[in-house]
Amino acid sequence: MQQSVMYMLNIALNAASLSLILIISCSYLMRRCYRTLSYKVFMVLLLVNGYSALTDIVVGMESHYKASYRVLYFHGGSNTLARFMVAVLIMLYSIVYVRERRARKYETAMLVVLTTAFFGLVVTSPITHWVYSFNSDKEFTQGPLMPVLLLMELFAISYSIMTIAINTRRLTRYQIVGIVSNVIIVAIGYSFSYIFAGLHTQSMTISLTLLVARLVLESPSDFLFMNTYFYNDKACQETIRQKMDRKMNFKFVVFSVENFNYVRQFLGASGRREITTTLMNYLRSKYPRETTYYLGEHRFAVFTSLHAPEIEGIIADTEHFFEHDFRLPGMDIAMTPFFVTFNYEDFDGSPEDIFECVLYPFSAREEFAGSHVVAANTEMMKHKRREEEVRHAIRKALKAGGFEVYYQPIFQGGEKRFVTAEALLRLNDSKLGNIRPDEFIPIAEKYGMIVEVGEFVFESVCRFWNANKLETRGIQFIEVNLSMVQCMQENLASRLRTIMASHDINPKYINLEITETAAAMKETVMIQNMKDLSCVGVGFSLDDYGTGFSTASRLTELPVGIVKLDKSILWDAMKNESALAILRNTIHMLKDLEKLCVVEGVETSEMAVTLRNLGCDYYQGYLFSKPIPGDEFLKFLQNNEFTGTDKAFRVA
């Protein structure tokens, strides 16, 4: 009676296991999931576990109905081998999931040892009876080495769970609950199997753990863009990896909408989504699903294949789509694509290198101005690596030092002495050496570090002034640059006031420089920041005037007292009369507007004399001094003491 109950219970458990496997498999097939290596191992794992459950039912029935020993040993052996191979596949899955094909040597050794032990002992068991046998009543009987194999099986499963739990980055709360659940399921399943001899819980236990893994780990949405059926950037990188693993030569095109940042201000979220969906549907109608990807930020990728044209054909198809304006309710929008092509034959690097290489031209679009099709190459990868190195250097400098503020003295023509200076940041890295500001400043802006960098400069200037009492050395104020990003920070004014107060600095000693590009933007936050700081005594300068988009009328709207003319205006004026007339009229206009004028790039006595004759207020350039460290700046002031004479201006 007890054997009959156990027999029926085992059939029920295995049938339930098969049902779960069928449900999991259907969930994959219905979503047409992206086929990663972990997905493929997972599917094999489902099949083998399903085979284990099915053969367990078959063996139970054959044993119950007294089938021949040959049939029993064949099905019993295949069932036992499938059972233990499930443990090996679980271990392989965890390694593939976590390490993305890069198994450690000891893990490879463990897989080989386990596979060899399971296969060798189970296959020879009909002769040796070490693992299993069938007694005279044709009942399944465990051999002397079965406990050893069970321990090896439990070790493989436990190691797999721990590998995923320890090595998976940034586990979500949902995933943590799933991993804990799997630990509990395995503990309960194997405990029941140990307590109730003859109860076959292994297949059901594994099916339950696979169901949990399917829900929290093998999520198809990981490779899909949001709630769509479009493959995302993660799927694209995996495709590159798979093609490289197969040593395939492959090509693909990445393109973006050139003027989308301009267009997006006219569209709501629904309009932007409609454009993206329409374009993706067009690509899907032209090419197989597995060749098209949406990378985010309105960038799309298309791989060539047997069913997709070569790169030239993909570009032609895409340009044809953009020939017509995109129609939205109430407006027609014209858009232009920018293409980056990639040919694996021309490249040597990792999948991550390839992906970064093809995206680099989009982040450095100004380098490729005038071209709407760019071929990715290893030189771009060098630029990208350099960018990453500089990014790391900036982060390291903010944490452990490496930044230093230099000061470039500025001469005042009226008083004929040095009354101010511009604070300029320098970066010296132990690995990269001196890094130019025109290289590290754009990178700091790109990666969201410019606010922190700007505050470092501002606080350094305040500390330097307080320590050296620059007002007693004839310095009236220090020019400090503000980035466009800083200008748009709502807490800028309060933050700078706090820093000045902490160093007991009178706000009148600070003059903030904003670029002409920033000034041209009619941003409420920026204007409010300027007004708030002006109210406490902080001055403002407009930098690089004449190179951007601001107008004379804009000067009257902003609380700026000083306008700095870009060096290009002066240098052009020294070459031709037309440019000189522009310089002359600009200086006269600024005087009429009651703005003080600083001209940058003064490098010769001839330039200085010309500017003095035009009535320039301040002179800045290498004729007087290059940017120098703080201690050298103090010595410079001492050597060029203001005496009311033109000693410091004798060059002119």
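The values are calculated or read from the model by the stated rules, or taken from the named source; none is laboratory data. Just so you know, these numbers come straight off a predicted model, no measurement behind them. Glycine also receives a Cβ, built like all others from the backbone with ideal geometry; neighbour counts cover every protein chain displayed. Side chains are part of the model used for accessible areas, which takes the heavy atoms of the whole protein and leaves out ligands, DNA and RNA. Shrake-Rupley method; radii C 1.70, N 1.55, O 1.52, S 1.80 Å.
Residue by residue, the stretch 608-625 carries 3J(HN,Hα) couplings of 4, 5, 4, 5, 5, 5, 7, x, 5, 8, 10, 10, 9, x, 5, 4, 9, 5 Hz when phi is fed to the Karplus relation 6.51 cos²θ - 1.76 cosθ + 1.60 (θ = phi - 60°); x denotes Gly or Pro. In terms of packing, defined here as the mean over residues of other Cβ atoms within 10 angstrom, the peptides 86-97, 524-535 line up highest first as 86-97, 524-535. The ellipsoid equivalent to the alpha-carbon distribution of the chain has semi-axes of 72, 29, 21 angstrom, derived from the gyration tensor eigenvalues as √(5λ) and listed largest first.
The alpha carbon convex hull volume per residue for the stretch 529-643 rounds to 145 Å³. Surface calculation, 1.4 Å probe, protein heavy atoms: Asp325 sits at approximately 80 Å² accessible.
Taking amide hydrogens as placed 1.01 Å from N in the peptide plane, the amide H of Cys597 sits under 5 Å from those of Val563, Asp617, Tyr618, each at least 5 positions away in sequence or on another chain. Stokes-Einstein diffusion for the stretch 25-65, with the hydrodynamic radius set to the Kirkwood value over Cα pairs and evaluated at 37 °C in a medium of 0.692 mPa s, equals 278 µm²/s.
Calculated on C-alpha atoms, the gyration radius of the stretch 323-431 divided by its Kirkwood radius gives an Rg/Rh of 1.22. Both radii were evaluated on the Cα set of the stretch 563-605; the Rg over Rh quotient, with Rh as the Kirkwood radius, amounts to 0.97.
The protection proxy used here, the mean number of other Cβ atoms lying within 10 Å of each residue, ranks peptides 238-247, 470-479 as follows, highest first: 470-479, 238-247.
What angle, in degrees between 0 and 90 and rounded to the nearest 10, separates the Cα long axis of helix 311-322 from the longest principal axis of the Cα atoms of the chain? Taking Cα atoms only, the helix is inclined about 70 degrees. For the stretch 84-178, the average shadow cast by the Cα convex hull is 7.5 nm², which is a quarter of the hull's surface.
Secondary-structure-derived ellipticity at 222 nm for the chain, considering helices only, amounts to -18000 deg cm²/dmol, per-run term -39500 (n - 2.57) for DSSP H runs with n ≥ 4.
Across every pair of non-identical alpha carbons in the stretch 132-185, the mean reciprocal distance, once inverted, gives a Kirkwood radius of 13.7 Å. Shape class of the stretch 1-144 from the Cα gyration tensor (axes a ≥ b ≥ c, square roots of the eigenvalues): oblate, since a/c reaches 1.5 or more and a/b does not exceed b/c. Applying the Karplus relation 6.51 cos²θ - 1.76 cosθ + 1.60 with θ = phi - 60° to the stretch 154-165 yields 3J(HN,Hα) values of 5, 4, 4, 5, 5, 4, 5, 5, 5, 4, 5, 5 Hz, where x marks Gly and Pro. Computed from phi, the 3J(HN,Hα) profile of the stretch 628-634 under the Karplus parametrisation 6.51, -1.76, 1.60 (θ = phi - 60°) reads 10, x, x, 5, 5, 5, 5 Hz, with x in place of Gly and Pro. Candidates Ser27, Phe118, Ala375 compared by Cα position along the dipole of the chain: farthest toward the positive end lies Phe118, with charges placed on Cβ.
Relative contact order for the chain: what is it in percent, counting Cα pairs under 8 Å that are at least 6 residues apart? Taking the mean separation of contacting Cα pairs over the length of the chain, I get 8 percent. Compared with the direct C-alpha span, the chain from Ala316 to His383 gains 21.2 nm at full extension, assuming 0.36 nm per residue. Cross-link pairs exceeding 19 Å between alpha carbons, from the set Lys384/Lys431; Lys531/Lys595; Lys40/Lys234; Lys469/Lys508; Lys247/Lys286: Lys247/Lys286. In this structure the amide hydrogen of Phe250, modeled in the peptide plane, comes within under 5 Å of the amide hydrogens of Tyr344, Glu345, none closer than 5 places in sequence on its chain. Computed over the stretch 37-117, the quotient of the alpha carbon radius of gyration and 2.2 N^0.38 Å is 1.32.
Note on the stretch 353-495: antiparallel DSSP beta bridges, both residues inside, total approximately 75 percent of the bridges counted. Site pair Leu9 and Leu22 shows an inter-label distance of 2.4 nm when each label is modelled 7 Å from Cα along Cα→Cβ.
Annotation: amide H of Phe477 within the under-5 Å range of Ala421, sequence separation 5 or more or interchain, hydrogens built in the peptide plane. Among 605-616, 392-403, sorting by the average number of other beta carbon atoms lying within 10 angstrom of each residue, highest first, gives 605-616, 392-403. Computed over the stretch 354-400, the quotient of the alpha carbon radius of gyration and 2.2 N^0.38 Å is 1.35. Taking the alpha carbon gyration tensor of the stretch 155-204, multiplying each eigenvalue by 5 and rooting it gives semi-axes of 26, 11, 7 Å, largest first. Distance between the pseudo-spin-label points of Val525 and Ile166 (7 Å out from Cα toward the beta carbon): 4.4 nm.
Find which of Val602, Ala444, Ser191 sits farthest along the positive direction of the dipole of the chain, computed with +1 on the beta-carbon of Lys and Arg, -1 on that of Asp and Glu, about the Cα centre. It is Ser191, whose Cα lies furthest towards the positive end.
Roughly speaking, what % of Cα-Cα pairs in the stretch 416-505 are separated by over 21 Å, rounded to a whole number? Roughly 40 percent, once rounded to a whole number.
Electrostatic tally near Thr498: other residues with Cβ closer than 11 Å to its Cβ, Lys and Arg +1, Asp and Glu -1, net 0. Accessible area per residue (1.4 Å probe, heavy atoms of protein chains only) ranks Tyr34, Tyr174 as Tyr174, Tyr34, with the largest value leading. Only protein atoms count toward the accessible area here, which uses a 1.4 Å probe; on the chain, the carbon and sulfur part of that area reaches 56 percent.
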